[in-house]
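Written below as structure tokens is the structure these notes are about.
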Amino acid sequence: METTTTPLLPGDRGRCGWLRRRLRLKNPLSSELSGAVGDLGTFIPIVLTLTLVSNLDLSATLIFTGFYNIATGLLFDIPMPVQPMKSIAAVAVSESPHLTPSQIAAAGASTAATLLLLGATGAMSFLYNLIPLPVVRGVQLSQGLQFAFTAIKYVRYNYDTATLKPSSSPRSWLGLDGLILALAALLFIILSTGSGNDRDVTEVGDLAETSSNESQSRRRRLRLLSSIPSALIVFLIGLVLCFIRDPSIFKDLKFGPSKFHILKITWEDWKIGFVRAAIPQIPLSVLNSVIAVCKLSNDLFDKELSATTVSVSVGVMNLIGCWFGAMPVCHGAGGLAGQYRFGARSGLSVMFLGIGKLIVGLVFGNSFVRILSQFPIGILGVLLLFAGIELAMASKDMNTKEESFIMLVCAAVSMTGSSAALGFGCGVVLYLLLKLRTLDCSSVTRSNDGSPEAAPRVV
């Protein structure tokens, strides 16, 4: 019997081609998997604290963020991170009384609605094109250095889940979460990844063309070291240590996801969530989750993302998940830098992470918090350190003294005031003052009827 095949329509071929491009590895599989865990240095501590202090639904958070990772990986074709809204998390656990799950959801939904409105109306693209690059670099520099400072504190001091901050008690040298373990992880990642420069191996390869045995040996060594998925290995070691630190985890684990339920959010919850948590979160999301992410994507991947699409993405994610008790999330420049630093180059990287979250959320549900509570915080600090440094290094393209001046003032104010919005405002004002200072009005002459013949120019 003869069988016939129906040819694909042009639209079908286009859709298949689009999907194949999205499912194509741009780095070796080991590197993409290593990069997938590059932003867990911020994700795990915040999720753990919100679960223990504010009764966050861990199962719903893992399942929804898993879906978000898969969707954003397909949509953007880069390792677009899905990270907690840090300002909302900080308010939820550090201020008294702590925010309830309904108030956290209200804060996340309010922030999401604002970003969705800014994206849908085109206002976000307008802001993206209007904001000077040195100001954006200042925000990135401050955020990266803050990540790095926090990471060093994670390594040096014990972690206090009640405040979402490192405590004042120093970490011991020995033990399964001691300084020696963290320093060993740090040295291992440095030896395997170096400075994170993709050109290291290429440059050595060029030197090897001289047929020097020493250069060829050096090239082989660097290629071997670069092929090691260091972040993935360190993360897996941390998971194993969870069970060694507390073997009772095995009997406390329960299989199956937690039951889904829609939160009941009262008018009082909306008011408290918006005033206490959404208002400080909105400027941070606009700057770090949209504008800085779009700029960094162009720096790292030579790919200009649409500020409108990124803004709408944050809005849609939270307007769905927050109603089911999932943690409010956004995209973040720090997470993108961390995943890039450890080898992620394609959307497949975060899709792998999303599949892992889905499996964990569906299999273990809320009982997975027992594993997270024993994860060595020193190891997470090491991962966060590299993410922060990679983000801060995006500011290296400020070539003039004026650009560097604006960037450093913006970063200094952001870090001193612990507010990206405050640093951003000061950076914009400083930029306008410097432009006003160099405004040359001598070229403006007036004709007999008093009308200007030439417009002022900036020199």
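The values are calculated or read from the model by the stated rules, or taken from the named source; none is laboratory data. Not measured: the values here are computed from a predicted model. All Cβ positions, even for glycine, are placed from backbone atoms using ideal geometry, and neighbour counts span all protein chains on display. These area figures cover heavy atoms from the full protein model, side chains too; ligands, DNA and RNA do not enter into them. Shrake-Rupley method; radii C 1.70, N 1.55, O 1.52, S 1.80 Å.
Of note:
- On a per residue basis, the chain carries 47 Å² of accessible surface, using protein heavy atoms and a 1.4 Å probe.
- Look at the Cα gyration tensor of the range 22-144: its axes a ≥ b ≥ c give a/c of at least 1.5 with a/b at or below b/c, and that counts as oblate.
- Lysines with Cα under 25 Å of K401, excluding same-chain neighbours fewer than 8 positions away: K295, K435
- At R0 = 56 Å, FRET efficiency that the Cβ-Cβ distance of F243 and F126 yields, to 0.05: 0.65
- Residue-averaged [θ]222 nm for the chain, counting only DSSP H segments that reach four residues, each worth -39500 (n - 2.57): -20500 deg cm²/dmol
- Label-point gap, in nm, between T266 and L174 - each point 7 angstrom along Cα→Cβ: 5.4 nm
- For K165, distant residues with modelled amide H under 5 Å away: D160
- Under-5 Å amide H pairs with C330, H placed in peptide plane, nonlocal only: Q83, M85
- Fraction of accessible area attributable to carbon and sulfur, the chain (%, probe 1.4 Å): 65 percent
- Exposed loop sites are taken as GluC sites (Glu not before Pro) in a DSSP loop (any state but H, G, I, E or B) with at most 16 other beta carbon atoms within 10 Å; the longest stretch of the chain without one runs 305-452.
- Cα-Cα over 24 Å, subset of K259/K357; K86/K357; K86/K396; K86/K271: K86/K396
- Reciprocal mean inverse distance between Cα atoms of the range 240-374 - Kirkwood radius, Å: 17.7 Å
- Taking the Kirkwood radius as Rh and the Cα radius of gyration as Rg, the range 84-150 has a ratio of Rg/Rh equal to 1.07.
- Counted residue by residue at 0.36 nm each, then reduced by the alpha carbon distance between them, the extension gain from R437 to L236 reaches 66.8 nm.
- The range 300-377 shape via C-alpha gyration tensor axes, a/c threshold 1.5: oblate
- Taking Cβ atoms as reference points and 14 Å as the exclusive limit, the residues near V429 contribute a net charge of +2, counting Lys and Arg as +1 and Asp and Glu as -1.
- Legend: helices of the chain (whole DSSP H runs) are marked when their alpha-carbon atoms reach 27 angstrom or more along the helix axis and their mean Kyte-Doolittle hydropathy is at least -0.5; marked are 101-120, 133-156.
- Shape category assigned to the range 78-203 from the gyration tensor of Cα positions, a/c cut at 1.5: oblate
- Diffusion coefficient (Stokes-Einstein, Kirkwood radius over C-alpha pairs, 10 °C, 1.306 mPa s) for the range 17-79: 117 µm²/s, rounded to a whole number.
- Taking the C-alpha atoms of the chain, convex hull volume expressed per residue in Å³: 252 Å³
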